[in-house]
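Read-outs throughout are calculated quantities, based only on the coordinates presented, and are distinct from any laboratory measurement. Not measured: the values here are computed from a predicted model. Ideal geometry is used to build each Cβ from the backbone, glycine not excepted, and the neighbour counts take in all protein chains shown.
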Amino acid sequence: MGIISGLRARLRALFRRTSADRELNEEIHFHIELETEKNVRLGLSRDEARRLAISHFGGVQRVREEHRDVRRLQWIEDFIGDGRFAFRSLRRTPALAGAAIITLALGIGANVAIFSAVNAVVLRPLPFPSSDRLMMITEENPEKHWHLNVAAPANLLDWREGVADFEDVAGYTDGAGQTTLTGRGDPQLLNGTFVTGNFFATLGVHPQLGRLFTWDESWLAQRTQAVGQPDTRPHVVVLSDRAWREHFGSDPGIVGKSIVLSGTSYQIVGITPPGFSYPVEGIDVWRSVEWNPAIRGAVEFRRPHWLRAIARLKPGVTESHANAQLQAVVERLKREYPGTNKYMGAAMMPLHEFLIGDTRLPLLILLTSVAFLLLIACANVGNLLLVQAAGREREASLRLALGAGRGRLVRQAIAESLVLSMLGGACGLAAGWAGTRALVRLQPEGLLNVSNFGVDQAVLAYVVLISLASGLIFGVAPAFWARHRDPAEALKSGGRGAGQSGHAKRWGDLLVISEVALALLMTVGAGLLVRSFWQVRHVDPGFDSRGVLTVRIGLSRAYDTSSKILGFQNQLIDRAHAIPGVTNVAMTTSLPLNGPAYTSDFIAYGRPAGDYGTEVSNRTVSPDYFATLHVPLKRGRVFTSDDQQNTTPVLVINEALAQSYFKGQDPIGQRFAFDKVPTPKTTWYTIIGIVGNEHVDGLDIAPRPEVFHSLIQEAYPYFTLMVRTNGDAASLTSSVRAIVRSLDPSLALLGVITLDRVREDSLARVRFLTTMLLGFAVIGLVLSVVGVYGVLAQVSRNRTREMGIRIALGAPAGRVRWLVVRQGLRLTIAGLALGTVAALLTTRAMAKLLFQVTPTDPATLIGVSLLLAATSILAAWIPALNASRADPAVTLRSD
Amino acid sequence: MASANQPDVLRGTLDLLILKTLTLEPMHGWGISARIQQFSKGVLDVNQGSLYPALQRLEQRGCIESEWRTSDNNRRAKYYRLTASGRRAVGAETANWRRYVDAVELILGIA
């Protein structure tokens, strides 16, 4: 208790210094007054008594000082004193302080923005209760080269029933599908996904209104099925908070009402809490899968793979234990269903890890890049402070000579750095906050799963940390400088305030070298990505994207027969052809670059058993598809309107398939089926033509074997209309909209986008990363050039006298300039060498992101080195010019 | 009242004298110095210059507490009061002092 009250007194004294002084004054007055009265009582005159009392008391000022000394917490006072002193000295050099703070704000701001992204994506836990118990289960199939694949519903159900460690396993369709909301004014596009009834319960989400799905709702009622009656329960839908607000005006009585989605009526059962959107941002509606219990044992339930599976572990269960149980089930399924599951494995990983996925590497690279940027900024500021320290040499030497402790000088230097870094940190936080906003806007959809990230406690803590750290980093040089100063030496030469000491110069050189090395590293990283981006952009996609508008259309359940669908599609084609300027019209189930519609096993007729293939891409297209996209026909023919539902089923294949599976044979006329082992029920297709390869999975992924089905022979209610024009594709948008509306007013267009845009969007991620990295590299480069300039300017200032003498003695200006430039070059080359070694060792980490560029690409390394060397010479030129203009008369007189 | 032949209180003993004085009752600074003078029958004169820093020191060590009160003659004064740990310190310090004095006596007695 004594200690606490003592401490309290100290703290009170510290923070209320003036009031403590006042109290002491009052106490002394009181004392002297009593003493005076005593003296008066002893018979002295009032004046005499007072004089005596004061003299008896002794030096009032000394008492005050001693009093203060006792009460202050020495080090904090010193610290504050140092801080104040630092502020004052920074105010004396506003240009330097401003430059330092801006530099730091840049470095710290970039770090804040990138760290907020890392924080939101990687560090912050998923917003679900006990989210560490949530696992993602993926299908792994070595035969089909599947990794992290979606699951077949039957497999998911078997895992759910067979693994005791799982509290529950739920499924959902990955990503957002689109659906049309009708019956409420204009048709509206909504993002939706299908989930199993236990989806919300497994995640641990509770409704803000109504209820969420139950497991029963995944199934059409068994009871009524048995007696052959249809399930009379309504279809059900859950709305997101956002959809509820935007489309239904937050109607509190919405639960129980019905809406029409893509022509089917759904009853709204509940609203999810604000902010919940899974599996991706922007989901409006969740619908329950509706499985017929009869399908449970059917192969059609085990062959198509389309569900993401999330499991919740029971409390206290370890991941490895659950995984062992899962693998046991997987082995059993392999034995029981060899036709579908012979090679079908399953893997389990924490859901968070799965969602971070391939965002990790880009974020890591960005984080490294901004860390380098901050280091360069630190080196620059360190340099500035060194220059400043050199300018204050005399002041410091004098203080040393007068007995100031070296420790005190070091502390002073560090205090100055910390004040700077804190100011820089504050500005950096503001810049970073703005940067975060920009990042959210600029990021391509899906790169960062969380779009609402921002500045939170973790980010604040990070800012304080890196500000302190950078303060210490750039404070080291001036602090050492302060430590190693020899007052005698300094005062001797101090009259002229000339030459930097060896220590300071060495530090300055070291800073420049490391700056150049870091800038090289950053620029090489960015350069590699730029080169790679260039290569990808110039890949021939195999189709002509110019002048094509694409429109995604989904027909409602009213189109329940092939002839209805074909009727609509034919009308659509005819009307689109009538638009002025339109040259071709076609349809496909999946656009190139957007992945296959589906993949399958296959075999050609007459091949020995086992000579089958897997994972061929399937797309279904209208006859004019190839002409519309300018995909060249290599051999045979493409579909015509003669290929009808009642004629032989035909296929067009691409060259990749012809070369990989029909090596040395003519595929045309061969019969082809989508089975590993043909059965009497197998449908045989006849191959009629071979077309050129298109990039289906992305420009950076080699074209894969593909087969095309005829959209006339196999009608699909979901397809993409493609319209080619001689002019600007985007200008067709309104006419196409009008046509679709006139054909069926209840249809919303699920997506209108030019094919050029599709192509650009497929590069969005790599473009984003490249742009960011390039931006940081440019800033880093500029900072390092400024650093080189700063050091050389100092050098040339220090050597003004020498230069003056040289010129007086007849040295040509060019030679004097060369002296300065040479020094700049020497440092730059050392930096480049160091940076090159570092680059050779580290760029390997980027290999996965590079396309047709090796991480040690010599062209990039040499190009970047030359660029840096050139800019450094440029930076050296100004001080060199100044040096060569030294007027001997002036410099010698100033002595 | 001070005069030349009055010894100042030895530096190390001032704390002990203050604490001992405060065992009687809470007092203000002048009161403490007056008491010490009075008890020592005028022999010891507290150096005022060291009294207030000493009080501050003792307060920080937690031996005494202070508060502003109205004095007998109706003026505001800062009163110091012994804390529990101060009370313990008096005991310990007194014992120390006795040992010290005995030791000095022994040495002086040799001659």
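Stokes-Einstein, applied to the Kirkwood radius of region A:145-342 over Cα pairs at a viscosity of 1.306 mPa s and 10 °C, places its translational diffusion at 88 µm² s⁻¹. Compared with the dominant Cα axis of chain B, that is its longest principal axis, helix B:84-110 is turned about 30°. DSSP beta bridges fully contained in chain A are about 75 percent antiparallel. Mean-square fluctuations from a GNM of chain B, with a 10 angstrom spring cutoff on Cα atoms, peak among B:R99, B:R88, B:R57 at B:R99.
Largest GNM mean-square fluctuation among B:N96, B:N47, B:N73, using chain B with Cα springs under 10 Å: B:N73. Entry note, chain A: the mean residue ellipticity at 222 nm calculated from DSSP H runs of n ≥ 4, each adding -39500 (n - 2.57), is -17000 deg cm²/dmol after division by the residues and rounding to the nearest 500.
Placing R0 at 22 angstrom, the Cβ-Cβ distance between A:I862 and A:W534 gives a FRET efficiency of 0.85 after rounding to 0.05.
Number of Lys-Lys pairs in chain A with C-alpha atoms under 23 Å apart and a separation of 8 or more places or on different chains: 12. Using a cutoff of 8 angstrom between alpha carbon atoms and counting only pairs six or more residues apart, the relative contact order for chain A works out to 15 percent. May I ask for the angle, rounded to the nearest 10°, between helix A:457-483 and the longest principal axis of chain A, with both axes built from Cα atoms and the value confined to 0 to 90°? So the inclination is approximately 40 degrees.
In a DSSP loop and with at most 16 other Cβ atoms within 10 Å, the chymotrypsin sites (Phe, Trp or Tyr not before Pro) in region A:277-325 are A:W306. Per-residue packing, averaged as other Cβ atoms within 10 Å, sorts the ranges A:512-522, A:682-692, A:604-614, A:206-216 into the order A:512-522, A:682-692, A:206-216, A:604-614, beginning with the highest.
Protection proxy ranking for B:14-27, A:252-265, A:790-803, A:103-116, using the average of other Cβ atoms within 10 Å per residue and placing the highest first: A:103-116, A:790-803, B:14-27, A:252-265. Using 0.36 nm per residue and subtracting the Cα-Cα separation, the extra length available between A:R62 and A:N292 on full extension is 73.2 nm. All other residues whose Cβ lies under 11 angstrom from that of A:A586 are scored, Lys and Arg at +1 and Asp and Glu at -1, for a net of 0. Sequence-distant contacts, meaning Cα pairs under 8 Å at least 6 residues apart, place the relative contact order of region A:557-745 at 33 percent. Using just its DSSP H runs of length 4 or more, each adding -39500 (n - 2.57), chain B gives a mean residue ellipticity at 222 nm of -19000 deg cm²/dmol after division by all residues. In a reduced charge model with +1 at each Lys and Arg Cβ and -1 at each Asp and Glu Cβ, region A:302-398 shows a dipole moment near 740 debye about its Cα centre. Taking H placed 1.01 Å from N in the peptide plane, check which residues at least 5 places from B:M27 or on another chain put their amide H under 5 Å from its amide H. The list, which skips near neighbours in sequence, is B:Y80. Relative to the dominant Cα principal axis of chain A, helix A:46-57 is inclined by about 60°.
Between A:T679 and A:S641, the FRET efficiency from the beta-carbon distance, with R0 = 51 Å, is close to 0.95.
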